[in-house]
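The values are calculated or read from the model by the stated rules, or taken from the named source; none is laboratory data. Model, not experiment: these values are computed from the prediction. Neighbour counts are summed over all protein chains in view; Cβ atoms, including those assigned to glycine, are modelled from backbone coordinates with ideal geometry.
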Amino acid sequence: MRGTFRYKVMPFGLKNVGATYQRAMVTLFHDIMHKEIEVYVDEMIAKFKEGEDHLVNLKRLFEHLKKYKLRLNPTKCTFGVKSGKLLGFIVSEKGIEVDPDRVKAIMELPPPSTVREVRNFLGRLNYIARFIANLTDKCQPLFCLLRKKTAVEWDDECQKAFDTVKAYLIQSSVLVPPSPDRPLILYLTVRQQSIGCMLGQKDNSTHAERTIYYLSNEFTERESNYPEIEKMCCALVWVMQKLQQYTLYHTIRLLSKTDPLKYLLSSPSSMRNIAKWRCQLTEYNIEYVSRTSVKGQAIANHLAKFPIDDDTPINSDFPDEGILQLNDEEESPRWKMYFDGAVNSTGSGIGAVLISPEGLYFSVAAKIHFPCTNNIAEYEACILTLQAAVDLKVKELKVFGDSMLTIF
């Protein structure tokens, strides 16, 4: 028999089966996905907030199924439930919980005796890592077993870590989805070899913090040798990028034990890594908040049991501006000037804003048509704005910048 043949159904064994199936589902249900239904490969759920919307959403789903001649297996369908198993988790109106079957399987595992069994145990934990605070730090002795090329030596520290994780799973947290109208709170902890964070949000009704996500990671050998300020910056960048589905669309209120982190994002630095990380953090809306009413243990362990009553943002436009100046008892209103300059592969530009005591804004911007460095661009921006201030007959001016310029 000769000719060109093609599959009528999806065969087994092809590497791109999952991606192809998902693209097909997105093509067929794109107009109702993330609204009335959610589809992940062959898992499908019709969601609703009010009971009367349930039948309406199901009707739209069945209309699409009928239109594209798709069929469902009745034995795998459940209707009208308030909680159920989805993608290995229990989803309900309370939030997302660990599947008890997965917890039971982990609890019944004996202590590993080979490297393969250690990897198996850590792999099972990795799937539910978002429910476990500081998982990397808890499992540090187990990670050390994977670095050794010799046989597994199961000691007291490994057994303690093994038992600690199992005890934690018995009372694992319920994670909640974030509300779009409120900021998120990020607890960040940095240790010598690992980092951990808890992303949460304050509940409007109870004023208690609810956990959204736990995240932890181990520093590389190079990163573990960073100074404290670089280590904190590295950790913050990693967390913000790892949780982009939350951090890009919410204001993040950061709480951390290490005070230099506040200075890091608002002060100039000539160190290469910090300059790069600061640039990466510009796309996020991060605010530092006071933690006078938050207990230290809550930050260390990323607990969401202590509500923050005084989460007022700290104004860090130029945190050290008062160190080398003496303020009058009653400072009279004066003009303010903010300037900046930038250089990239396509050209150079400068910009600034003058603010009058009455709150009027005067913007200044220009393009530099000669080769220059970032420092030269900063000087040009400062000079141009000072000239504009002279033209406006400004007598007293308060200048703000983000670079280490020396001006006489």
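Descriptive notes on the structure:
- When the criteria are applied in full, P177 meets the requirement of being surrounded by fewer than 17 Cβ atoms within 10 Å (Cβ to Cβ), outside the structural domain of I286 (by the TED database) and of a type outside the set (G, A, S).
- When the test is whether a residue is in contact with a Leu (Cβ under 6 Å, 6 or more places away or on another chain), at pLDDT below 80 and more than 22 Å from F131 (Cα to Cα), Y263 does not pass it.
- Taking segment 38-72 as the range and being under 22 Å from V17 (Cβ atoms) and assigned to a loop (DSSP other than H, G, I, E, B) as the test, the residues that pass are V41, D42, Y68, K69, L70, R71, L72.
- Selection within segment 382-404 - at pLDDT below 80 and among the small types (G, A, S): G401, S403
- Cross-chain or 6+ apart pairs with Cβ under 8 Å, segment 376-397 first and more than 22 Å from P357 (Cβ to Cβ), then hydroxyl-bearing (S, T, Y) and not in a helix (DSSP H, G or I): A377/S348; E378/S403
- Meets criteria (more than 25 Å from R278 (Cβ to Cβ), in a strand (DSSP E or B) and modelled with pLDDT of 75 or more) for L354: yes
- Put simply, of G88, G3 the only residue that is touching a residue at least 24 places away in the same chain (Cβ under 8 Å) and not acidic (D, E) is G88.
- Residues that are more than 30 Å from E52 (Cα to Cα) and in contact with a Ser or Thr (Cβ under 7 Å, 6 or more places away or on another chain) occur in segment 160-181; there is at least one.
- Residue in segment 117-135 that is of a type in the set (S, T, Y) and either over 30 Å from Q245 (Cβ atoms) or in the same structural domain as M232 (by the TED database) (or both) present: no
- For V176, the criteria (1) under 17 Å from Y213 (Cα atoms); (2) without any contact (Cβ under 8 Å) to a residue 60 or more places away in the chain hold in every case but one, which is (2).
- Residue within segment 163-171 that is of a type in the set (V, I, T) and over 14 Å from I132 (Cα atoms) present: no
- V152 being out of contact with any Pro (no Cβ under 8 Å at 6 or more places or on another chain) and either modelled with pLDDT under 90 or crowded, with 16+ Cβ neighbours inside 10 Å (or both): no
- Of all the residues in segment 77-101, those that are within 23 Å of Q201 (Cα to Cα) and not in a loop (DSSP other than H, G, I, E, B) number 8.
- Failed criterion for D203 (all others in (1) over 30 Å from I229 (Cβ atoms); (2) assigned by the TED database to the domain that holds I286; (3) in contact with a Leu (Cβ under 9 Å, 6 or more places away or on another chain) hold): (3)
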